[in-house]
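Engineer: Right, I'll just put the structure down here and ask away after.
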């Protein structure tokens, strides 16, 4: 089927698109870089050079592709981030989760897509007993930069889940490590290897809609829903060619 991946050259996107191509899907992938567009093309992806904040151009691109599935892997967090500019970077990332997702939802609805799969975060839960399941209370009382991050994620989740007739799937990812992240281990728990994150997005193409915790371990967030409904394996790794 036709699948449109927004953020196809990000940490998860670049691991995801080969899985989608190998599964036989017709994949369109976005990037803001002409150079990265060539990499997508070499991977068997139809590249789309577009900025997610350009609502008109994004809608035009998605409508032209006419995908059945839209996958939102948009982020705006650079590698080797200067700690002194963390607040600025988190604000940019929250903006792409809010404005970028709104533009992507508008484009998906206009194109006639039937499902939207979005990258969220697994550290949205309110303090309390762990491990947290998907229905547990969220940290709506967060302050500072945590509040900025959580607010952005919650807007993304609302747009994904409450934009009928789109079927919404929210993947609450742990903190990434692995190729393309600049980290060999997660910066803090819960962790998640980017290959296992990509696998979850692949499985979500056909799995039941809803919210899923996607992270390693069972001490902080419960992942039995993803294992049960998707057959997801946190130990999955891609054999690089």
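Just so you know, all these numbers are worked out from the coordinates, no wet-lab data involved. As the structure is a computational prediction, the values presented were derived from the model and not from experiment. Quick reminder, even Gly has a Cβ in these numbers, built from the backbone with ideal geometry, and neighbours come from all protein chains shown.
Engineer: Hey, for a label at residue 206 modelled as a point 7 Å past Cα toward Cβ, could you say which residues of region 17-39 have their backbone N under 12 Å away?
Structural biologist: 23-25
Engineer: What distance in nm separates the simple spin-label points at residue 126 and residue 114, each placed 7 Å from Cα in the Cβ direction?
Structural biologist: If labels sit at residue 126 and residue 114, their model points lie 3.8 nm apart.
Engineer: Shifting gears a bit: Using the alpha-carbon centroid of each, what span in Å lies between region 151-186 and region 68-147?
Structural biologist: Rounded to whole Å, the Cα centres lie 5 Å apart.
Engineer: Same structure again: Helix 101-111 against the longest principal axis of the chain: what's the angle in degrees, Cα atoms only, rounded to the nearest 10?
Structural biologist: Around 40 degrees separate the two axes.
Engineer: Tally the DSSP beta bridges in the chain and give the antiparallel ones as a percent, rounded to 5. Don't jump to the answer; show the numbers that get you there.
Structural biologist: Numbers: 2 of 34 bridges.
Just about 5 percent of them are antiparallel.
Engineer: Here is a follow-up. In degrees between 0 and 90, to the nearest 10, how far off the longest principal axis of the chain does helix 55-65 point, with axes built from Cα atoms?
Structural biologist: 60 degrees
Engineer: Something else: Can you classify region 142-241 as rounded, prolate or oblate using the Cα gyration tensor, where a ≥ b ≥ c are the square roots of its eigenvalues, rounded means a/c under 1.5, and otherwise it's prolate if a/b beats b/c and oblate if not?
Structural biologist: On the way: a/c = 1.72, a/b = 1.11, b/c = 1.54.
Since a/c reaches 1.5 but b/c is at least a/b, the shape of region 142-241 is classed as oblate.
Engineer: Once all Cα-Cα distances of the chain are split into 10 Å bins that start at 0, what whole-number percent is in each one?
Structural biologist: That works out to 8, 34, 40, 17, 1, in percent per bin.
Engineer: Would you order 212, 177 from fewest to most other beta-carbon atoms within 10 Å of each residue's own beta-carbon?
Structural biologist: Ascending number of Cβ neighbours within 10 Å: 177, 212.
Engineer: Using only the alpha-carbon atoms, how far is helix 13-22 inclined from the longest principal axis of the chain? Give it as 0 to 90 degrees, nearest 10.
Structural biologist: With rounding to tens, the tilt is 60 degrees.
Engineer: While we're looking at this one, here's another question. By its C-alpha gyration tensor, with a ≥ b ≥ c as the square roots of the eigenvalues, how is region 1-126 shaped: rounded for a/c under 1.5, else prolate for a/b larger than b/c, else oblate?
Structural biologist: The shape class here is prolate.
Engineer: While we're on this one: Mind checking the full-extension length gain between residue 233 and residue 1? Use 0.36 nm per residue of separation minus the Cα-Cα distance, one decimal, nm.
Structural biologist: 81.2 nm is the gain from fully extending residue 233 to residue 1.
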